[in-house]
Amino acid sequence: APRPAAPAPAEPEVKNARTKDEIEELARVKTGYPDKFIKKYGSYWGALASKLNDGESYEFVFGGVANLDGDDDRIAGIGITKERIIVTTTQGTVSYTYDKTKSVTSTKSLIGAMIIIEIPRSKVKLSVDKSFLDNILKAVESAIKKYRI
């Protein structure tokens, strides 16, 4: 007898995002970004795809403005994998393994929001749209808790 079809998941689940299209879909589903944000950070989805190691994939991705070590602010694509947090900008890519992560905090102001990831001798500051801060912060914190050994 034919087996009944499995019910569709309530929320589309994007697993193992590795390609530009999968990463873009992951950003749309998990952050709730509207199309204009998906397009705004569009050039970074492909850049994130190109930074993966073999067997590595993204669980969460978002766009923001990165300030690394007090250098210039740069629009960035940020991705979370089981191994590390990857931040890619037009100036290059940096990644941080979870064992290097000391803390994650956030601030909200009238105009924006920021996630601050403290790593040895530095802070990674990621400015994000205020309305998406809670989603993004929850994902970053849960990855660090889950993968930090």
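Figures for the structure shown
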item	result
Accessible surface, the chain, averaged per residue in Å² (probe 1.4 Å)	58
Euclidean distance of C-alpha centroids, the range 117-136 and the range 40-112, integer Å	9
Charge sum, other residues only, whose C-beta stays under 13 Å from Glu83's C-beta, Lys/Arg counted +1 and Asp/Glu -1	+2
The range 27-121 - percent of accessible surface contributed by carbon and sulfur, probe 1.4 Å	50
Probe 1.4 Å - accessible area at Ser43, Å² to nearest ten	90
Protein-only accessible surface order, largest first, of Phe132, Phe62 at 1.4 Å	Phe132, Phe62
Estimated 222 nm signal from helices in the chain, with DSSP H stretches of n ≥ 4 weighted -39500 (n - 2.57), rounded to 500	-8500 deg cm²/dmol
Residue pairs, from the table Lys100/Lys145; Lys108/Lys138; Lys100/Lys138; Lys39/Lys123; Lys51/Lys130; Lys39/Lys130, whose Cα atoms sit over 24 Å apart	Lys39/Lys123; Lys51/Lys130
With DNA, RNA and ligands ignored, accessible area of Lys51 (1.4 Å probe; Å², nearest 10)	80
Label zone at Ser43 (point 7 Å along Cα-to-Cβ), backbone N below 15 Å, the range 50-69	64-66
With DNA, RNA and ligands ignored, accessible area of Arg28 (1.4 Å probe; Å², nearest 10)	80
Dipole-positive endmost among Asn135, Ser43, Thr90 within the range 21-148 (Cβ charges, Cα centre)	Asn135
Nearest-20 debye value, the chain charge dipole, Cβ charges on Lys, Arg, Asp, Glu	260
Environment charge of Gly55, counting only residues whose C-beta is closer than 12 Å and scoring Lys/Arg +1, Asp/Glu -1	-1
Helix 20-31 axis, angle to the chain major axis (alpha carbon atoms, nearest 10°)	80
Summed residue charge, Cβ within 14 Å of Phe37's Cβ, Lys/Arg positive, Asp/Glu negative	+2
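The values are calculated or read from the model by the stated rules, or taken from the named source; none is laboratory data. The model shown is predicted, which means the values in this text are computed figures rather than measured ones. Note: ideal-geometry Cβ built from the backbone for every residue, glycine included; neighbour counts use all protein chains shown. Heavy atoms of the whole protein, side chains included, go into the accessibility calculation; ligands, DNA and RNA do not. Shrake-Rupley method; radii C 1.70, N 1.55, O 1.52, S 1.80 Å.
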